[in-house]
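Enquirer: Dropping the structure in here first, questions after.
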Amino acid sequence: MNALEAGPLSTGAEWTFELIERYDRAIGDIALNEYKLDIFPNQIEVIASEQMLDAYASVGLPIGYPHWSYGKEFIRNEQMYRKGQRGLAYEIVINSNPCIAYLMEENSLPMQALVIAHACYGHNSFFKGNYLFKQWTNADAIIDYMVFARNYVMKCEDRYGHAAVEEILDSCHALQSHGVDRYRHPAPLSADEERLRQREREDYAWKQYDDIWRTLPSRGSHDESKNAAAGNYPPEPQENLLYFVEKHAPKLEPWQRELVRIVRKMAQYFYPQGMTKVMNEGWATFWHYTLLNRLYDKGLVDDGFMLEVLSSHTNVVAQRGFDQRGYGGINPYALGFAMMTDIRRICENPTPEDHEWFPDIAGGDWLKVLDFAMRNYKDESFIGQFLSPRLIRDFHLFAIADHAQDEHLVVDSIHNEQGYRRVRQLLSQQYNRDGQVPDIQVVRYDHRGDRSLTIQHRRHRGRPLGEESGEVLKHLARLWGFTVRLHTVDEKGKLLEQRETRGT
Amino acid sequence: MSIVIDRRLNDRNKSAVNRERFLRRYKEQIRKSVSDMVSKRSITDMDRGGDVQIPTRDISEPTFHHGQGGDREMILPGNKQFSPGDKLKRPEGGGGGGGNGSGGDGQSENSEDEFTFTLSREEFMNLFFDDLELPHLIRNVVGDVREYKMQRAGYTPSGVPANLSVTRSLRQALARRIALESPLKKQMAELKTREVPPDDEIAELQKRIDRVPFLDEFDLRYRHRVKVPQPISRAVMFCLMDVSASMTEDKKDLAKRFYTLLYLFLSRKYEKVELVFIRHTDNAQEVDEDAFFHDRQSGGTVVLSALKLMQEIMTARYPSDAWNIYGAQVSDGDAFGADPEKSRACLTEQLLPHSRYFAYIEVPDDPMRTSPLSYAYQRIDSDKFAMSSVTHRGEVYPVLRELFKKEAA
């Protein structure tokens, strides 16, 4: 194809900027022209290990607002890193346009190439293609928005004091996992618009304030009072607690609402990442493996290069058994990579079993099938659709049932003919958000009466809330400013328990 | 299509602000740790960072999450011998790692009960000073190296005329002239050896040679001087303490902070600081630091014995023309009979003339009562002497205020 094919791009482990560019070009050539990956432009940044620690602390974003919890995270990581208990990730990649990927200065050249393939072509194309990311994040605006958030938070600190800002942020962080929309599409935002809208909201509130309205006898509020009499505001339960707080909390100042909004936006931004961990990492791992092997096949890299890449790759996709030392749950890299590879295998070399289980894709064009899967699935549905019996056997997956009324744990099913579907279904459920985040919704805001807020926890299969709920309730009460009630109901809606915290 | 950017030179301490916030938020817990460290460490060892532990539950961030109980199934990898229907014992502590699936970034509840991290030297010293309610100006005096000496450090091409080095500049000029002229001169010599020397060319060359200036601006060299931190010389610090039974652990802890503060101050100022620990009941002994703070003694109280011993040690080992002598005395103020007056006399006549500074703090049981010793000491009129009655850590610093003020000015 070009002159480079004459021999390896380089030998030895030292990297230079020129070499990084050369490898990037070679990998990009394969990724875009042979495999037709669709990506954002890349911005590759070389950083030192301390900077990597910084990036860790700010949840991977290059900029964030100041808060003590990030300091805690930073200290924890730094401590572990200094003591050698943990190495640093080789890369961090940010879902933005251009897609920013960090390479660590300490990496050897093969590692840099691996990271480029993994992050700049794997993750990058996933960010651009997957429907959840398309729907919920706006890659063009995130960096700008973080700049806005940071400046806004710091301005508030100057004006209202650190303590006041910290209080609100603490409370918002406690509710972060319940500050996510799952079913609506937020309008894309840019930093300028956001700033403008914030000012408008504030101005509007100022202008609308007129003490005289308070003295008028209410006439036109018939509908509302009817509603209030029926006691059903909001008319439908709301699952986004932070959104409800932002819009309706009676006592919050405009700037405090804005802070709630900032935390909510951040939570929303990270929502797709949590929903696609297996797929995202699997996709990126699959591509670094495929792209670098292709480099090797073309004779562009030598055996030493490949050995280092493979040894690192093998570590990343290692899955320990549940009874082995260092077991930390199912490794998303391992499962994701295995599933992506398996889909390719099903397309290229289907067995009779595959024909039975995957009649649609067996023998198909693997590139198209993989691309379709990447674009239209999240972990839950991806596993439900594509986990093959063969992988269940390879991983020796089995299901344990933990039921409250049983004294023992019971082995529910294993990797056998009767168990495949059940195991697959259960594993898929394990990645369902409902299994991780309790179902808590706002059911009533008594805005005509004592202004109390009632939230309802619907127990999922009898699982209670963790012990910290009382604390979280206090945080919610702090934001709300009036009494907050937590009702726990069972799956049929029968009230089991209620708790109450008074606002301040 | 890809852009590669070198960010290694960017600011590396982005998280410093967050770290600082964390420290501020948990100041109480950290201060307690620091306080423990102060009591465990030796005075001379105070000047460094240290590990701080905070109980993890104090710093956890609560969220709504599922607790123990209810029904659920988990998928685990690595089955070896299980068949459907097998019953297993519930593991102690429950939970298991299985259900964690794709849970965000994993608010992992590790089993560490203590969150441990390291304070830097600055952070440690700041907390220590906070404890002593030390004013900021003084922190700089105690916390930083402040004495500098100018030291020669070669030559620089820029500077003030007073620092001009004539020899260096001329040498530079000479070198430049040789470098610029010699090829021309060589050419000239060659032209002159020709049979018919071309006059105009020679004249042209001569002009070029003449145009090379004797001294050019970039020949100039200036003597370069840099500031180097320079502790002045050596000092000895006498720590005198009454260790009779009435001195409780709290009082000793207060005393230790007092000595430490003075020591830190001295060690910034002097290259070498020696410590002499003298404890006394009714007779005085020179002991090491550990015994000084931790051994208990019984007996009466004769302050004079300690002062006498200090004087003996001074004359024997620390002549005042070679050492800067500092005294720091702590007592609960009990003294009997003629002892306070004799001590006062000994202090004013024998010790103060040879000392740079002598500070006395009293840690009384009853702050309202004037003790016999402070009654006597109050009449000492010397700007080298300071005394105060201290019941709280924040009151330690004012005793040394005069001393620090002089140095900070």
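Every residue, every condition in (1) surrounded by 15 or more Cβ atoms within 10 Å (Cβ to Cβ); (2) touching a Gly at 6+ places or on another chain (Cβ under 8 Å); (3) farther than 30 Å from B:Asp332 by Cα, yes or no:
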| site | (1), (2), (3) |
| --- | --- |
| B:Tyr155 | yes, no, yes |
| B:Ser169 | yes, no, yes |
| B:Leu174 | no, no, yes |
| B:Ser182 | no, no, yes |
| B:Asp199 | no, no, yes |
| B:Ala203 | no, no, yes |
| B:Val226 | no, no, yes |
| B:Cys239 | yes, no, no |
| B:Lys256 | yes, no, no |
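Matching residues to (1) of a type in the set (D, E, K, R); (2) more than 16 Å from B:Val236 (Cα to Cα):
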{"residue": "B:Ile313", "(1), (2)": "no, no"}
{"residue": "B:Ala338", "(1), (2)": "no, yes"}
{"residue": "B:Leu347", "(1), (2)": "no, yes"}
{"residue": "B:Arg356", "(1), (2)": "yes, no"}
{"residue": "B:Pro372", "(1), (2)": "no, yes"}
{"residue": "B:Thr391", "(1), (2)": "no, yes"}
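Enquirer: Among the strands (runs of 3 or more DSSP E) confined wholly to the range B:302-409, which include 1 or more residues that are at positive phi and in contact with a helix residue (DSSP H, G or I) (Cβ under 9 Å, 6 or more places away or on another chain)?
Expert: Ranges flagged: none.
Enquirer: Those residues that are more than 7 Å from every other protein chain (Cβ to nearest Cβ) and in a strand (DSSP E or B), I need them from the range B:55-72; list them, please.
Expert: If the condition is that a residue be more than 7 Å from every other protein chain (Cβ to nearest Cβ) and in a strand (DSSP E or B), then B:Pro55 is the only one that fits.
Enquirer: Let me ask another. For the list (1) crowded, with 17+ Cβ neighbours inside 10 Å; (2) free of Cβ contacts under 8 Å to residues at least 12 places away in the same chain, I need the number of the one condition that A:Ile455 fails.
Expert: (2)
Enquirer: Looking only at residues that are buried (at least 18 other Cβ atoms within 10 Å of the Cβ) and of a type in the set (Gly, Ala, Ser) in the range A:402-431, which one is farthest from the other protein chains (Cβ to nearest Cβ)?
Expert: A:Ser428
Enquirer: Please find, within the range B:11-29, the residue that is nearest to B:Glu61 (Cα to Cα) out of those that are at the interface with chain A (Cβ under 7 Å from one of its Cβ atoms) and in a loop (DSSP other than H, G, I, E, B).
Expert: B:Ser15
Enquirer: Return the residue satisfying two criteria in turn: it lies in the range A:311-353 and is among the small types (Gly, Ala, Ser) and on the phi < 0 side of the Ramachandran plot, and of such residues it is nearest to the other protein chains (Cβ to nearest Cβ).
Expert: A:Gly321
Enquirer: What helices (runs of 4 or more DSSP H) lie completely within the range A:68-150 and have 2 or more residues being more than 12 Å from chain B (Cβ to nearest Cβ)?
Expert: Output list reads A:109-115, A:124-129, A:131-136.
Enquirer: While we're here: Residue check, B:Asp47 against (1) surrounded by 14 or more Cβ atoms within 10 Å (Cβ to Cβ); (2) within 8 Å of another protein chain (Cβ to nearest Cβ), all met but one. Which one?
Expert: (2)
Enquirer: While we're here: Would you mind stating whether B:Arg146 is at pLDDT 55 or above and either in contact with a Lys or Arg (Cβ under 8 Å, 6 or more places away or on another chain) or surrounded by 13 or more Cβ atoms within 10 Å (Cβ to Cβ) (or both)?
Expert: Spelling it out, it is not the case that B:Arg146 is at pLDDT 55 or above and either in contact with a Lys or Arg (Cβ under 8 Å, 6 or more places away or on another chain) or surrounded by 13 or more Cβ atoms within 10 Å (Cβ to Cβ) (or both).
Enquirer: Tell me, please, whether a residue that is assigned by TED's automatic domain parsing to the domain that holds B:Tyr360 and not in a helix (DSSP H, G or I) can be found in the range B:254-270.
Expert: yes
Enquirer: In the range A:321-337, what residues are among the small types (Gly, Ala, Ser) and surrounded by fewer than 19 Cβ atoms within 10 Å (Cβ to Cβ)?
Expert: Selection gives A:Gly321, A:Gly326, A:Gly328.
Enquirer: Also: Limited to the range A:354-401, what total is found for residues that are in contact with a strand residue (DSSP E or B) (Cβ under 8 Å, 6 or more places away or on another chain) and away from every other protein chain (no Cβ under 14 Å)?
Expert: Number of matching residues: 0.
Enquirer: Residue pairs, Cβ under 8 Å, 6 or more apart or interchain, first in the range A:1-18 and assigned to a loop (DSSP other than H, G, I, E, B) and charged (D, E, K, R), second at pLDDT 85 or above and surrounded by 12 or more Cβ atoms within 10 Å (Cβ to Cβ). List them.
Expert: Going by the 8 Å Cβ cut-off, the qualifying pairs are A:Glu14/A:Ser108; A:Glu14/A:Leu109.
Enquirer: Would you point out which residue out of A:Arg184, A:Arg159 is over 18 Å from A:Val260 (Cα atoms) and either modelled with pLDDT of 90 or more or under 24 Å from the mean Cα position of the chain (by Cα) (or both)?
Expert: After applying the criteria, what remains is A:Arg184.
The values are calculated or read from the model by the stated rules, or taken from the named source; none is laboratory data. Not measured: the values here are computed from a predicted model. Don't worry about glycine lacking a Cβ; one is built from the backbone with ideal geometry, like all the others, and counts go over all protein chains shown.
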